[in-house]
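As C-alpha cells, the structure follows; a few thoughts come after it.
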C-alpha cells in the first residue's frame, strides 16, 4: 500500500514541478538559469528498497546487541 502511495506521490509531485516553470540557479561559471525537470528513475527503485531494508535491519541488530548486554530494567530505557 505504501509503495503504491509513494509512486502516486512521486508522479503527482514530478508533474507539478515539471509543469510549474521552476528555474534552477546558474551553476558556478555560468550566468543563465535552466528549467528544473524531474525524470523518473524507476530502474533504481529495487536497489533503493534493498538499501532501506538492509539499513533498517542492521540498525535494529546493532540496537539489539547493545541492549542484550544490560539488564531488563535498564534496557527498557533504550526502547
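Observations
- Estimated 222 nm signal from helices in the chain, with DSSP H stretches of n ≥ 4 weighted -39500 (n - 2.57), rounded to 500: -18000 deg cm²/dmol
- Stokes-Einstein diffusion for the stretch 1-40, with the hydrodynamic radius set to the Kirkwood value over Cα pairs and evaluated at 25 °C in a medium of 0.890 mPa s, equals 210 µm²/s.
- On the basis of the beta-carbon distance and an R0 of 30 Å, residue 67 and residue 18 show a calculated FRET efficiency of 0.05.
- Computed on the chain, with alpha-carbon pairs under 8 angstrom and 6+ residues apart, the relative contact order is 17 percent.
- Across every direction, the projection of the convex hull enclosing the Cα atoms of the stretch 1-77 has a mean area of 9.6 nm².
- Between 0 and 90°, nearest 10: helix 2-18 axis offset from the chain longest Cα axis: 30 degrees
- Relative to the longest principal axis of the Cα atoms of the chain, the long axis of helix 45-67 lies at roughly 30 degrees.
Where a number appears in this text, it was derived from the coordinates with a stated rule and is not lab data. Just so we're clear, the structure is a prediction, and the values are computed from it rather than from any experiment. For neighbour counting, all protein chains shown are included, and Cβ atoms are generated from backbone atoms with ideal geometry for every residue, glycine included.
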